[in-house]
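J.: Got a structure for you, questions after.
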Amino acid sequence: MSSYYFVIIGTRDNPIYELEFSSFRSGVSGIQVPGKSQFSPSVKEILPFISHSALDIIEDAQWSTNSFNLGKIDSFYGLMINAFISQGNIKYVLCYDANGSGTNGSSSPSLNKNDENSIKQFFTEANELYVKCLLNPFYSVNNAITSPDFDHRMKLLARKYL
Amino acid sequence: MSKTTRYSGDEMWKNNVEKIQNSELFTLTYGSVVSQLCRDFNNNYQEVNQQLDRMGYNIGMRLIEEFLAKTGAQRCQTFKETAEMISKVGFKIFLNIQPTVTNWTQDGKTFSLVLNENPLADFVELPMGPDNRICRDLWYSQVLCGVLRGALQMVQLDVDVWFVKDVLRGDDQTELRLRLNKFLKDEVPAGED
Amino acid sequence: MKVYSCLILNKAGGLIYQNNVNPGLNSLSSNDFLVLAGTLHGVHAIASKIKPIPSQAKDDIGVTNTHNTNTNLIATGKSQNANSNQSGLQTIETDFFNLYIFQTLTGLKFVIVTSPNPVVHNLQPMNDFKSISRGELQKQYDSTVKLFRQLYLLFSDFVMKDPFYSLDMPVKSSLFDMRVKELLV
């Protein structure tokens, strides 16, 4: 059971939406409550920093590929970092622990192709959700996304793909 | 003599979007007008409602000519007929929706139009402030009220139009009410029956 | 039929548009046109008061029942004739010109001056009033119905939708001028 930290970053490198969750896939069910992230407190508090430090790498990586999905761009003490960048320079960053939640090593060993793909799907659809949100006349670029509807849909996406 | 006619009766419904095929552009334009008004008036939503109403009124006074020219509608004999005309013909040709006419009062002078869908409000979500004032005060589609008021005034019907419910505010449906104040008999142009 | 001139009057009888589309009429001064507009407005209004008592002879004037028109419109969605000029002055026919008046529900009047009725040879005797004589002599009248419809549509498009046009004021739109010329020449 992996834990995930997902953040959308605006054009001025400002976070506009974040979400923490754990894999919704039925894996080895332990004591963890599905949906709640299992990051240890020390990791939890540096997650925003990790994703922020990934921004430089994203800036570089975006020129080396034609696709919006930049794939796995960084790792940090067992945390993997995937990123996606949109046409409007909105960055989507996903941090996750590849080896399950550090303390119990019961989850899948490493990332396989399938996960890569589902992360890509997740990013693509998250981007679509963001675009819909952008169509709301009361929302403007770089505002924090506070809509409960968006939050709800985002969680559904997470449940579907991760 | 007989030039090819650009409009013919059968085309009336089909051809209602001529150049701008993308109705989202219309929705987004209206949206930015409303949100800009909110900013300009410092979130004084009553004022925003009033401005939207006034804009609608000016639109309605002009739009009625197109409505009459395209449809050839004649004077309605009863307010019930007017209601049908608004819903089945007016909304149909301009917005391609058909609101339901309900909730008549006993005297037949007030009724409701229930909008099952509202093309003005696609994508719209009212921002949740701490006090939720926007949900209490703003009638996002108020422009429609103005349009109806302006258009009906030009055919000598003095009406009040206002929203009572809006799905954007979390209500179960979008409903606006029309009340006939007066039929301005003296202003009916000579020559009608 | 040749259309010589086209006038538009606002609901108070003021001339808001005038266009000599085809030359052929003696030119009137703009003041004369204003007088013509005002006179027509007045005559039209008073004419609507001269009419037979309702019980008599209703069916040969061709009064359309407005209620039916609307029922048709609502039921079928087919556009109807927008002319609401039921009892006012509708036409003036002379040996030199014909003049037709079309009125909208909002009180606008469209007036066109055309060439006179063509001379009809072998006109059938009048005994069958409804079918034959109407067929010949109303032809021109019927073709104006189409013209007025087009004219009204042009007006609603190019004048009413011009954001800088203020209601009931004289029309100074070259775009509208052009379209009217296209339609009537």
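The values are calculated or read from the model by the stated rules, or taken from the named source; none is laboratory data. Only a predicted model underlies this, so the values are computations on that prediction, with no experimental measurement involved. Glycine gets a Cβ as well: all are built from the backbone with ideal geometry, and neighbour counts include every protein chain shown.
J.: If you go through segment B:82-131, how many residues are of a type in the set (A, V, I, L, M, F, W, C) and more than 14 Å from every other protein chain (Cβ to nearest Cβ)?
T.: Residues of segment B:82-131 of a type in the set (A, V, I, L, M, F, W, C): B:83, B:85-86, B:89, B:91, B:93-95, B:97, B:101, B:104, B:111, B:113-115, B:120-121, B:123-124, B:126, B:128.
Checking the rest, the ones that are also more than 14 Å from every other protein chain (Cβ to nearest Cβ) come to B:95, B:97, B:104, B:111, B:113-115.
Of the residues in that region, 7 qualify.
J.: Looking at (1) of a type in the set (K, R); (2) touching a residue at least 40 places away in the same chain (Cβ under 8 Å); (3) over 20 Å from C:I46 (Cβ atoms), which is the only condition C:K109 fails?
T.: The failed condition is (3).
J.: Can you tell me how many residues within segment C:142-185 are outside any helix (DSSP H, G or I), in contact with a strand residue (DSSP E or B) (Cβ under 8 Å, 6 or more places away or on another chain) and more than 11 Å from every other protein chain (Cβ to nearest Cβ)?
T.: 3
J.: Specify the residue that is farthest from B:L157 (Cα to Cα); the eligible residues are those in segment B:69-85 that are part of a helix (DSSP H, G or I) and in contact (Cβ under 8 Å) with a residue 12 or more places away in the chain.
T.: That would be B:K70.
J.: Can you find, within segment C:17-45, the residue that is farthest from the other protein chains (Cβ to nearest Cβ) among those that are touching a helix residue (DSSP H, G or I) at 6+ places or on another chain (Cβ under 9 Å) and touching a residue at least 24 places away in the same chain (Cβ under 8 Å)?
T.: Start the filter on segment C:17-45 by keeping residues that are touching a helix residue (DSSP H, G or I) at 6+ places or on another chain (Cβ under 9 Å), which leaves C:17-19, C:21-22, C:28.
Going one step further and asking which of them are touching a residue at least 24 places away in the same chain (Cβ under 8 Å), we end up with C:17, C:19, C:21-22.
Working: C:Y17: 14, C:N19: 16, C:V21: 13, C:N22: 12 Å.
Among those that are touching a helix residue (DSSP H, G or I) at 6+ places or on another chain (Cβ under 9 Å) and touching a residue at least 24 places away in the same chain (Cβ under 8 Å), it is C:N19.
J.: Further question: Kindly provide the set of residues from segment C:70-110 that are among the aliphatic types (A, V, I, L, M), more than 25 Å from C:S5 (Cβ to Cβ) and within 8 Å of chain B (Cβ to nearest Cβ), ordered by number.
T.: The answer is C:L73, C:I74.
J.: Does any residue of segment C:120-141 turn out to be closer than 20 Å to C:V21 by Cβ, surrounded by 14 or more Cβ atoms within 10 Å (Cβ to Cβ) and at pLDDT below 90?
T.: Of segment C:120-141, the ones closer than 20 Å to C:V21 by Cβ are C:140-141.
Still in the list and also surrounded by 14 or more Cβ atoms within 10 Å (Cβ to Cβ): C:140-141.
With at pLDDT below 90 added as a condition, the list becomes C:140-141.
Yes, because at least one residue in segment C:120-141 is closer than 20 Å to C:V21 by Cβ, surrounded by 14 or more Cβ atoms within 10 Å (Cβ to Cβ) and at pLDDT below 90.
J.: Test of understanding: among B:V89, B:V101, which residue is of a type in the set (V, I, T) and at pLDDT 95 or above?
T.: Result of the check over B:V89, B:V101: B:V101.
J.: Return the only residue of A:I57, A:I8, A:I46 being surrounded by 18 or more Cβ atoms within 10 Å (Cβ to Cβ) and at pLDDT 80 or above. Full working, then the answer.
T.: Values: A:I57 fails: surrounded by 18 or more Cβ atoms within 10 Å (Cβ to Cβ); A:I46 fails: surrounded by 18 or more Cβ atoms within 10 Å (Cβ to Cβ).
Going through A:I57, A:I8, A:I46 in turn, just one is surrounded by 18 or more Cβ atoms within 10 Å (Cβ to Cβ) and at pLDDT 80 or above: A:I8.
J.: Next question. Determine which single condition B:I134 fails, assuming it passes every other condition in (1) crowded, with 21+ Cβ neighbours inside 10 Å; (2) within 12 Å of chain A (Cβ to nearest Cβ).
T.: Among (1) crowded, with 21+ Cβ neighbours inside 10 Å; (2) within 12 Å of chain A (Cβ to nearest Cβ), B:I134 violates only (1).
J.: Report the residue count in segment C:149-175 for those that are farther than 24 Å from B:G150 by Cβ and out of contact with any Leu (no Cβ under 8 Å at 6 or more places or on another chain).
T.: Of the residues in that region, 1 qualify.
J.: Please verify whether segment B:130-153 includes one or more residues that are farther than 16 Å from B:Y45 by Cβ, modelled with pLDDT under 95 and either within 11 Å of the chain's Cα centre (by Cα) or aliphatic (A, V, I, L, M) (or both).
T.: There is no residue in segment B:130-153 that is farther than 16 Å from B:Y45 by Cβ, modelled with pLDDT under 95 and either within 11 Å of the chain's Cα centre (by Cα) or aliphatic (A, V, I, L, M) (or both).
J.: With the condition kept exactly as written, say whether any residue in segment B:59-79 is among the basic types (K, R), more than 22 Å from C:G107 (Cα to Cα) and surrounded by fewer than 21 Cβ atoms within 10 Å (Cβ to Cβ).
T.: no
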